[in-house]
Amino acid sequence: MSVTPNTAVPHHAFELLRTQEIPALNIRVEEYRHKKTGAQHIHLAADNDENVFLVALRTVPHDSTGVAHILEHTALCGSEKYPVRDPFFLMTRRSLNTFMNAFTSSDWTAYPFASQNRQDFNNLLDVYLDAVFFAKLDPLDFAQEGHRLEFEDMENTESPLTFKGVVFNEMKGAMSSVTSTLWQTLSKYVFPTTTYHHNSGGEPDCIPNLTYEQLVSFYRSHYHPSNAIFMTFGDIPAAVQQEKFETQALSRFEKLDHVISVPDEKRYLAPIHVEESYALDEADTKGKTHIVTAWLLGHSADLKTYLQAQLLTAVLLDNAASPLQQALETSSHGTSPSPLCGLEDSQKELLFMAGLEGSEAEHTGQVEYLILDVLKNIVEKGVPQEQIDACLHQLELQQREIGGDGYPYGLQLILHALNSATHRGDPVALLDLEPALAALQKEARDPDFIKRLVRELLLDNPHRVTLTLTPDQTLSERRDAAEAAQLASIRAQLSTADCQHIIEQSLALQERQEAELDENILPRVTLADVPADMLIPQAANILTGSPTLTAFSAGTNGLVYHQLIINLPSLTTQEMTLLPLYAACLTEVGNGRHDYLQIQNRQAALCGGISAYPSLRGSIDDVQIVQGFLVLSTKALARNQQAAAQLLQDTWQHARFDEHQRLRELMAQMRTRRERSLASNGHGLAMAAASAGMSPLAHYQHEVTGLAGVVPMKKLDRLLDDQHALENFSRNLLQLHKKMLAQSSQILLVAEQERLADCTSSLQQL
């Protein structure tokens, strides 16, 4: 992949501000401004036919009514040119898109899509531009997507009154997640005065306070080109896209006088400690408290500040061998590190967090002391240089990584630059990290560098919040009672005419939802728009032997990808139950003469980590027949590929399962993740349960990794407190490993064409 040769020539309605080649990413960044409205356009020119479009609006709510979130939904319910009820959903059936979505962050709302088909791209661009800038915002759509009053028996005024609405119910579900509650509660105290104090998604008890008029007003002030950032990626020239921006939207607007932005947060003069509760509908509250300490750092759009914070976070928390991560994982004051551990860099100001879940309120002091003690120890003794170098290596690897997160490459780059653009920083600098990384690497050679960062950013930083979030068994009941009382109060004040209006709105909305849609007003892709030939990657090199080696060439931006694929043997019921636990432990324990801490350090220094997972599927001919593999996967910079491949082989050949305490920690963490998934992945668990009777694989997924597997996982975690049971678990893992080692395997290699021969040769030497 190389940068498109087209020169940066703007459409006459735009002016070119600058261009910059970024060889590490194979792109040229072009920055433009719309002359009339001031709209920003950042184009990432690349020789890539998967073109990406995104338009983002700075959306800064001043309450928790969810206005930005509800507006995101409502804007996609029909527009001036496409007055159908749900053009967004309908286009998913009329498109060849590789990505379509919309999402609301804490201070921006974005509408992105991607497609490899030029006509399809133009169709989607037409629909998106009209949806964003000329949304109909029908009151019925607001009632549907936001909130409304409705009688349980729609036409019976004597039946109970209820709140309904897509976002209202969505946020009820979202805020039932402990992690979401933890984040919103922490944000409330870390940000006492700015927009981040509020829940941009909407708090269920606040959403009914939002009026339709407020929604429209927010739309008119925020969904305007003067407040918009257009971002594109691919081989369509910027001028071609700007022609469409201008003719389909921008020409109809004048420049806004006001500027939407987020001020800096007012800093605390001393650390604060707060305690709040979350709803827990369980009899047992033991070990259900979350304790998190958070620091507010500098501006995320400042590249130097951003990279220093990223490096510091990696040094402290990157893996099990990192000092703070190790302290948290081995602490007796909780079951596992908090899901919030790490750096939050999506807002104007950076936030660093560390803590524990599965704790007790009385342990708050010890947890805070544990965190601060690790930091003080680093200031006194420092961190080994090789550990810092490994973290710098991880930053470089992340910079070059193309794939990941299920997002198209271009969209990943766009989202990476979006935060800086939103806060009027330099998005180009955030993409072109190599000069900044080189400067950081030079700074990091100073033995006092990390010590200084820990002291300045954390220990001497008074804007620190320690939150203790405790379970409350009656909170859900009290919230339900409060909602019922609110509805009763509303009902008591309703006149006969008011009740009739509610009924009429409900019937009108039902009629609108059931009406036949005229999809034909929407553009579509025809057969004539689809190329006759489809590019299917072919193996560049296939070598027989044991194991067999299959190699593919691809534009990987200097990375090499390895997979070791092992055929699953015939396994007993007990071994099948053990399989996902075995895979989770395989790459997290030591191997050979090295313990797990040494292996974690080697992984950080040589590759982007090693993962292992079972890949199970029904046979193409008969879904009742289950086939499967165990997959070990890693990625590395080209200069490290042989060493990374060797580490992958060592992990597979010499994994050791005699580190009993490590196994105990891993199972406790897995249990916590399983329990957390009940709220975060409830829909997925429900679908797995519903399909459990359809095939042996579906049954296995439900029973072992799905909803039915949560209770056995909790039972196993408790059982492993017994040393004899822990030793028996260790033996079972080892026996399964020996059985797996006897199976045939194959290697998959993906690298750039010019590196393929060397990579293949080095693998054959292992």
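Among residues of the stretch 203-219 that are within 13 Å of L137 (Cα to Cα), those with a beta-carbon under 8 Å from a residue that is β-branched (V, I, T) and at pLDDT 95 or above at least six positions away or on a different chain give the pairs Q214/T65; Q214/V67; L215/V67; L215/I70; L215/T74; F218/T59; F218/V67. Of all the listed residues (G608, G592), the sole one being surrounded by fewer than 17 Cβ atoms within 10 Å (Cβ to Cβ) and either at pLDDT below 95 or under 25 Å from D318 (Cβ atoms) (or both) is G592.
Limited to the stretch 229-245, what total is found for residues that are of a type outside the set (V, I, T) and part of a strand (DSSP E or B)?
The first filter runs over the stretch 229-245 and keeps only residues of a type outside the set (V, I, T), leaving 230-231, 233-235, 237-239, 241-245.
Subset that is part of a strand (DSSP E or B): 230-231, 233-234.
Of the residues in that region, 4 qualify.
Residue count for the stretch 363-416, restricted to those that are hydroxyl-bearing (S, T, Y) and modelled with pLDDT of 95 or more: 2.
Just to be sure before I move on: is V623 closer than 24 Å to L579 by Cα, modelled with pLDDT of 95 or more and outside any helix (DSSP H, G or I) in the structure I sent?
Values: closer than 24 Å to L579 by Cα: yes; modelled with pLDDT of 95 or more: no; outside any helix (DSSP H, G or I): yes.
No; evaluated as a whole, the condition is false for this residue.
Checking each residue in the stretch 77-100 for being surrounded by fewer than 23 Cβ atoms within 10 Å (Cβ to Cβ) and among the aliphatic types (A, V, I, L, M) picks out V84, L90, L96, M100. Just checking, does the stretch 405-428 include any residue being surrounded by 21 or more Cβ atoms within 10 Å (Cβ to Cβ) and part of a loop (DSSP other than H, G, I, E, B)? Yes: one or more hits.
Restricted to the stretch 450-494, and to residues there that are without any contact (Cβ under 8 Å) to a residue 24 or more places away in the chain and closer than 30 Å to Y268 by Cβ, the residue that is surrounded by the fewest Cβ atoms within 10 Å (Cβ to Cβ) is D460. Consider the stretch 280-308 and keep the residues that are small (G, A, S) and in contact with a helix residue (DSSP H, G or I) (Cβ under 7 Å, 6 or more places away or on another chain). The one that is modelled with the highest pLDDT is A294.
Could you look through the stretch 432-470, keep only residues that are of a type in the set (A, V, I, L, M) and in a strand (DSSP E or B), and pick out the one that is nearest to H290 (Cα to Cα)? Explain how you work it out, then say what you get.
Kept after step one, since they are of a type in the set (A, V, I, L, M), are these residues of the stretch 432-470: 433, 436-440, 444, 450, 453-454, 457-459, 465, 467, 469.
In the following step, the residues that additionally are in a strand (DSSP E or B) were identified as 465, 467, 469.
On the way: V465: 13, L467: 8, L469: 5 Å.
Checking each candidate, the answer is L469.
The values are calculated or read from the model by the stated rules, or taken from the named source; none is laboratory data. The shown structure was predicted, so the numbers you read here are calculated from the model rather than taken from an experiment. So basically every Cβ, Gly included, is an ideal-geometry build from the backbone, and we count neighbours across all protein chains shown.
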